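What follows is a set of notes on a single structure, which appears directly below.
The values are calculated or read from the model by the stated rules, or taken from the named source; none is laboratory data. It should be emphasised that the depicted structure is a prediction, and the values quoted were computed from it without experimental measurement. Here the Cβ positions follow ideal geometry from the backbone for every residue, glycine too, while neighbour counts run over all protein chains shown.
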Amino acid sequence: MRLVDWLDKGASLGAGAPCLTMDGKSLSYAEVQALTHRVARRLNSAGITPGKHVAILSGNDPVAFACVLAISRAAAVWCPINPRNEAAENAYVLDNFDCAALLFHSKFADLVDELRRQLPKLELLVCLDAEQPFAPSLDQWLAGVPDGPFQAEPVSDLAMLPGTGGTTGHPKAVMLTGRNLEAMTALTLIGYPFEGRPVYLAMAPLTHAAGVLTFPIMAHGGEVVIMPYPDTGEFLALVSRHRVTHSFLPPTLIYMLLDHPALGATDLSSLQCFWYGAAPISPARLEEAIDKIGPVMAQLFGQTEAPMMISMMAPNDHFNPDGSVARHRLSSAGKPGPLVQVAIIDESGSELPQGERGEIVVRGSLVMAGYYRNPEATAEATLNGWHRTGDIGYLDADNFLYIVDRAKDMIITGGFNVYSAEVEAALLSHPAVQDSAVFGLPDDKWGERVCAVVQLRAGRQAAPEEIIAHVKAAIGSVKTPKELEIWDDLPRSKVGKVLKREIRAGKLGSPA
């Protein structure tokens, strides 16, 4: 399956059904199909031949996402660009990922104008919504292009080139194939509830990583309701208005949703599956979500290199057989998917038995083809046929996966291994704590000392000493932060992950 095949599958179930909706206006499956045929035909005539790389720089917009599907129909390779990246990072991605064309929204016209002179590989610039002095609008560019089916023949199975998070150094280009994304979509359809024609609410940018979650929705002929900007109040209103069945939010936004005054009065009865992932979630806040949002919470764990579905925890996995909340399991990332193999290895590469902690490795058709033009990084991430995730974890007796830390974030203090994720979970169990970051700093006595920075929930107060005492009672003195500061906010990446490197680099005493 190519990316555009999910659109065509949905159209076969009802061409007149709504496909992409924003601000109360919908494009049907037939209308989106027609647009992808014209854009693909025009890309081809403009010299964007099969196998070339095409980037899109846009916030959430139905036409922009339709162009993602058109790139696939043109047999080109989609390069997702995060609209929140700094200019230098976008320039690096466009150049080093060998992008031949860039489709962009006028909101980013000044940025594109600044970058285009540095990017000789760019052969084509098109503005999606308005003519620019240096680029035609999409409507102008498509003038005279005939209607009717068009499909270019792919030269390989390479479907997209997303960049790694870029939390350390420059992002690497991950080669994801149609087979990878087919495996991801199949795992989603196998592992989570889908009843009737689904409605997916998209708050995260579709032209970045979150867009791949639309493919299982389209496989059922479902509707994608697009939010042009993040707003938790509007999110709740749209769930009720559109009878949303599926959505995804990272933990930070779920915490904001739980604290929103409109939550209790919002009709959430249509929800079947509310995915959370991209960062560890507080078990205490997850139980709160199950209570306030409903028995629909569903975890996913993946990486850019093995998208979304390395392990999965469906809504019913959050409960015991008697219907009570399975509190012992709320810190789990779920079970490995049926189409992937997961193991835990030690530093020598030997597999460890259940219950022992080591690096999580994965193999199967979900795993990338490698890093683009970077065989050294590909080799470093591969061991005996396994993809090395860089995450530390273990499998329990029921085959549930627990992620305890990133390998680089483990703290060794006084000879003991302290996993920051465990300390962060203890911090987040305090009723006043909204978010946290735990890291190690050099210490003459202990080698490293455990340090933490926390952000409080709106309207809540707590002293550092109170929070430290709470953590000590929960997990003991060795793992308890020796230093803790309260900041108004924490520095985050473009996808909402807390940037420990920035906190660590600034040490303590320098709130972000």
Taking the condition hydrophobic (A, V, I, L, M, F, W, C), over 30 Å from LEU13 (Cβ atoms) and not in a loop (DSSP other than H, G, I, E, B), does LEU103 pass? no
For ALA88: the one exception among (1) within 29 Å of MET1 (Cβ to Cβ); (2) out of contact with any Phe, Trp or Tyr (no Cβ under 9 Å at 6 or more places or on another chain): (1)
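Restrict the check to the range 107-130 and report whether at least one residue is under 19 Å from GLU305 (Cα atoms) and either surrounded by 22 or more Cβ atoms within 10 Å (Cβ to Cβ) or in contact with a Cys (Cβ under 9 Å, 6 or more places away or on another chain) (or both). Walk me through it before giving the result.
Here is the first cut: in the range 107-130, the ones under 19 Å from GLU305 (Cα atoms) are none.
No, the range 107-130 has no match at all.
Results for (1) part of a strand (DSSP E or B); (2) within 22 Å of ASN60 (Cα to Cα); (3) without any contact (Cβ under 8 Å) to a residue 40 or more places away in the chain, shown as yes or no for each residue.
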{"site": "ASP110", "(1), (2), (3)": "no, yes, yes"}
{"site": "GLN118", "(1), (2), (3)": "no, no, yes"}
{"site": "ASP139", "(1), (2), (3)": "no, yes, yes"}
{"site": "ASN180", "(1), (2), (3)": "no, no, no"}
{"site": "GLU195", "(1), (2), (3)": "no, no, no"}
How about the range 287-335: which of its residues are touching a residue at least 40 places away in the same chain (Cβ under 8 Å) and at positive phi? MET308, GLY334
Residues that are buried (at least 23 other Cβ atoms within 10 Å of the Cβ), more than 26 Å from ALA15 (Cβ to Cβ) and either over 18 Å from the mean Cα position of the chain (by Cα) or at pLDDT 95 or above (or both): does the range 220-229 have at least one? no
Just a yes or no: is a residue in the range 186-201 β-branched (Val, Ile, Thr) and buried (at least 18 other Cβ atoms within 10 Å of the Cβ)? yes
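Is it the case that ALA186 is part of a helix (DSSP H, G or I) and on the phi < 0 side of the Ramachandran plot?
Working: part of a helix (DSSP H, G or I): yes; on the phi < 0 side of the Ramachandran plot: yes.
Answer is yes for this residue.
Restricting attention to the range 14-37, does a residue exist that is under 18 Å from ALA152 (Cα atoms), in contact with a strand residue (DSSP E or B) (Cβ under 7 Å, 6 or more places away or on another chain) and buried (at least 24 other Cβ atoms within 10 Å of the Cβ)? Spell out how you get there, then give the answer.
Kept after step one, since they are under 18 Å from ALA152 (Cα atoms), are these residues of the range 14-37: 32-37.
Restricting the remaining residues to those that are in contact with a strand residue (DSSP E or B) (Cβ under 7 Å, 6 or more places away or on another chain) gives 32.
Imposing the further condition that a residue be buried (at least 24 other Cβ atoms within 10 Å of the Cβ) reduces the set to 32.
Yes, the range 14-37 has at least one match.
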So GLY264 passes all but one of these: (1) more than 21 Å from HIS430 (Cα to Cα); (2) surrounded by 15 or more Cβ atoms within 10 Å (Cβ to Cβ). Which condition number does it fail? (2)
Members of the range 350-359 found to be more than 27 Å from ALA186 (Cα to Cα) and part of a strand (DSSP E or B), listed by number: GLU351, GLY358
Of the numbered conditions (1) in contact with an Asp or Glu (Cβ under 8 Å, 6 or more places away or on another chain); (2) part of a strand (DSSP E or B); (3) of a type in the set (A, V, I, L, M, F, W, C), VAL362 fails exactly one; give the number of that condition. (1)
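Only one residue in LEU213, LEU206 is surrounded by 21 or more Cβ atoms within 10 Å (Cβ to Cβ), part of a loop (DSSP other than H, G, I, E, B), touching a residue at least 60 places away in the same chain (Cβ under 8 Å) and under 13 Å from the mean Cα position of the chain (by Cα). Which one?
On the way: LEU213 fails: part of a loop (DSSP other than H, G, I, E, B).
Exactly one residue qualifies, and that residue is LEU206.
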How about the range 152-173: which of its residues are surrounded by fewer than 17 Cβ atoms within 10 Å (Cβ to Cβ) and at pLDDT 95 or above? GLU153, VAL155, SER156, ASP157
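For GLU347, indicate whether it is in the same structural domain as MET312 (by TED's automatic domain parsing), acidic (Asp, Glu) and part of a helix (DSSP H, G or I).
Working: in the same structural domain as MET312 (by TED's automatic domain parsing): yes; acidic (Asp, Glu): yes; part of a helix (DSSP H, G or I): no.
No; evaluated as a whole, the condition is false for this residue.
One line per residue, one yes/no per condition, for (1) part of a loop (DSSP other than H, G, I, E, B); (2) in contact with a Pro (Cβ under 9 Å, 6 or more places away or on another chain); (3) β-branched (Val, Ile, Thr):
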site	(1), (2), (3)
ARG241	no, no, no
THR252	no, no, yes
GLY264	no, no, no
LEU268	yes, no, no
ILE281	yes, yes, yes
ARG285	no, yes, no
GLU288	no, no, no
ASP291	no, no, no
LEU300	no, no, no
Residue that is more than 30 Å from ALA202 (Cβ to Cβ) and at pLDDT below 85, where the choices are ALA505, ALA473: ALA505
Could you say whether any residue in the range 165-178 is under 16 Å from PHE274 (Cβ atoms) and not assigned by TED's automatic domain parsing to the domain that holds ALA369? no
So for the range 297-313 (the condition being at pLDDT 95 or above, in the same structural domain as LEU238 (by TED's automatic domain parsing) and surrounded by fewer than 16 Cβ atoms within 10 Å (Cβ to Cβ)), does at least one residue qualify? no
Which numbered condition in (1) among the acidic types (Asp, Glu); (2) in contact with a Ser or Thr (Cβ under 8 Å, 6 or more places away or on another chain); (3) modelled with pLDDT of 85 or more is the only one that GLU380 fails? (2)
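When only residues in the range 270-279 that are closer than 30 Å to PRO162 by Cα and not in a strand (DSSP E or B) count, which is nearest to the chain's Cα centre (by Cα)? Outline the logic, then answer.
Quick first cut of the range 270-279, residues closer than 30 Å to PRO162 by Cα only: 271-279.
Then drop every residue that is not not in a strand (DSSP E or B), which leaves 271-272, 277-279.
Working: LEU271: 20, GLN272: 20, GLY277: 7, ALA278: 5, ALA279: 9 Å.
Checking each candidate, the answer is ALA278.
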Answer yes if at least one residue in the range 379-387 is among the β-branched types (Val, Ile, Thr), within 30 Å of HIS170 (Cα to Cα) and surrounded by fewer than 21 Cβ atoms within 10 Å (Cβ to Cβ), and no otherwise. yes
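Output yes when any residue across the range 83-95 is at pLDDT 95 or above, surrounded by 15 or more Cβ atoms within 10 Å (Cβ to Cβ) and assigned to a strand (DSSP E or B), and no when none is. Working first, answer last.
Applying the first criterion (at pLDDT 95 or above) to the range 83-95 yields 94-95.
Subsequent filtering for residues that are surrounded by 15 or more Cβ atoms within 10 Å (Cβ to Cβ) retains 94-95.
The next check asks that each one be assigned to a strand (DSSP E or B); those that pass are none.
No - not one qualifying residue is present in the range 83-95.
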